[in-house]
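Q: Pasting in a structure now, in structure tokens, and then I'll have a few things to ask.
Throughout, read-outs are computed from the coordinates displayed, never taken from laboratory work. Keep in mind that this is a model prediction, so the values were computed, not measured. Note that we place each Cβ from the backbone using ideal geometry, even for glycine, and neighbour counts take in every protein chain shown.
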């Protein structure tokens, strides 16, 4: 997992504006499609622990949330982008406002999801 925040952006001056570069991530050449999703997770709810064998996920957060990966819990602030690599188990835990991150999955394979636990208020 990698977290990209606006505080980490590299500023490049351009004609008339400055471009903040948050991340430049190389993608596998075999990416044939991209999926865009927005789960709606209620306050204090979660999108249960799961992983994708062959897909990367980019998550753009608008609300304070947490991501659990194994025994580690990471606090995510609004505006941060989280990159989840194939095979990395992850769980999204909503804060007091709930959470509805924009999730960009590539390649988009609806069959590529493996849940690790039972019992969740939100399933993909």
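Q: Binning every alpha carbon pair distance of segment 1-54 at 5 Å from zero, what are the percents per bin?
A: Final binned percentages: 4, 10, 12, 17, 18, 19, 12, 6, 3, 0.
Q: A further question follows. If each of residue 88 and residue 44 carries a label point 7 Å out from its Cα toward its Cβ, how far apart are those two points in nm?
A: Between residue 88 and residue 44, the simple spin-label model gives 2.9 nm.
Q: Okay, moving on. Residue separation times 0.36 nm, minus the C-alpha to C-alpha distance between residue 8 and residue 32: what's the value?
A: Values: separation 24, 0.36 × 24 = 8.64 nm, distance 2.97 nm.
So the chain would gain 5.7 nm between residue 8 and residue 32.
Q: Per residue Cα convex hull volume for the chain, in cubic angstrom? Before the final figure, lay out each step's value.
A: Numbers: hull volume 15.0 nm³, N = 124.
Considering the Cα atoms of the chain, their hull volume per residue is 121 Å³.
Q: Also, quick follow-up: Under a 10 Å cutoff between Cα atoms, tell me which one of 110, 43, 26 has the largest fluctuation in the Gaussian network model of the chain.
A: Maximum among the listed residues: 26.
Q: So, one more: Please list 5-18, 51-64, 69-82 highest first by mean number of surrounding beta-carbon atoms within 10 Å per residue.
A: Values: 5-18: 9.5, 51-64: 18.0, 69-82: 14.6.
Result, highest mean first: 51-64, 69-82, 5-18.
Q: While we're on this one: From Cα pairs below 8 angstrom and at least 6 apart in sequence, can you work out the relative contact order of the chain, rounded to a whole percent?
A: Taking the mean separation of contacting Cα pairs over the length of the chain, I get 36 percent.
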